[in-house]
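**Student:** Can you read through this structure? Questions will come right after.
The values are calculated or read from the model by the stated rules, or taken from the named source; none is laboratory data. Since we're looking at a predicted model, the values are computed, not measured. Neighbour counts run over all protein chains shown; Cβ positions are idealised from the backbone, glycine included.
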Amino acid sequence: MRATMRLRFTLRGLYHRAASNPSRAGCSEVRRESKRMDVKNLHRQPPRRWSETLDGVRWLPRLIDKARAASAGTLGDYLFGQSPIDRGLLAALDLSHRAFAEIVVASPDDAAVLAALKARSTDDLAAARAWSDSLPQTQRLLLPVLDLDDGYTGGVWGLLKLPTNALAWVVANGLKTLMPRRPAEGLKPPQG
């Protein structure tokens, strides 16, 4: 643990030194890498839980995780752009999944994604908040299944995880077969 903390402080120090003297060799790459948000590998860990919010919008942090993973090729069995809940939020934001993925890839963190969405239209964010407020009611049957599938629910309900995972895999692969596009795969972050 202490070695990890030391490494963080060392990297933070490199970043501050690079920011104060960018002419040093290799410093621009340290600065650029430190600004990029980590991409979750959705083969190994789930995206953020559906109930997490960003500026009062549920599902937005999860959608950002899925967009970043899709652009990095680590989406796994998750759906991005093909999920009915993704489509609902994107419709409220008045964005296509491709346009949303481009915003996410160009943004170093959640705050920058939010700033880009606000720059587009504050009315769309208000519509997304209204959509978000109705999410627990409109998707009350699906959300507990998502929690179980992602491992956010345990205890007695954890016994249902295996059949739920099998069902989720069948549904996800069925949707991917019916709608085979992978819209954000191959998007690269801007260089510079």
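**Student:** Out of (1) closer than 25 Å to N41 by Cα; (2) at pLDDT 95 or above; (3) surrounded by fewer than 14 Cβ atoms within 10 Å (Cβ to Cβ), what's the single condition that is false for E102?
**Tutor:** Tallying (1) closer than 25 Å to N41 by Cα; (2) at pLDDT 95 or above; (3) surrounded by fewer than 14 Cβ atoms within 10 Å (Cβ to Cβ), E102 fails exactly one: (3).
**Student:** Working only within the range 61-77, note down all residues that are within 22 Å of P144 (Cβ to Cβ), crowded, with 24+ Cβ neighbours inside 10 Å and touching a helix residue (DSSP H, G or I) at 6+ places or on another chain (Cβ under 8 Å).
**Tutor:** Answer for the range 61-77, where residues must be within 22 Å of P144 (Cβ to Cβ), crowded, with 24+ Cβ neighbours inside 10 Å and touching a helix residue (DSSP H, G or I) at 6+ places or on another chain (Cβ under 8 Å): L63, K66.
**Student:** If you go through the range 125-149, how many residues are in contact (Cβ under 8 Å) with a residue 60 or more places away in the chain and among the hydroxyl-bearing types (S, T, Y)?
**Tutor:** Residues flagged as in contact (Cβ under 8 Å) with a residue 60 or more places away in the chain and among the hydroxyl-bearing types (S, T, Y) within the range 125-149 amount to 1.
**Student:** Separate question: Does R87 satisfy the criteria of being of a type outside the set (V, I, T), in the same structural domain as V171 (by TED's automatic domain parsing), touching a residue at least 24 places away in the same chain (Cβ under 8 Å) and in a helix (DSSP H, G or I)?
**Tutor:** no
**Student:** For the structure I just gave you, tell me whether A99 is without any contact (Cβ under 8 Å) to a residue 60 or more places away in the chain, in a helix (DSSP H, G or I) and under 15 Å from T53 (Cα atoms). Let's see the steps before the verdict.
**Tutor:** Details: without any contact (Cβ under 8 Å) to a residue 60 or more places away in the chain: yes; in a helix (DSSP H, G or I): yes; under 15 Å from T53 (Cα atoms): no.
So A99 does not fit the description; no.
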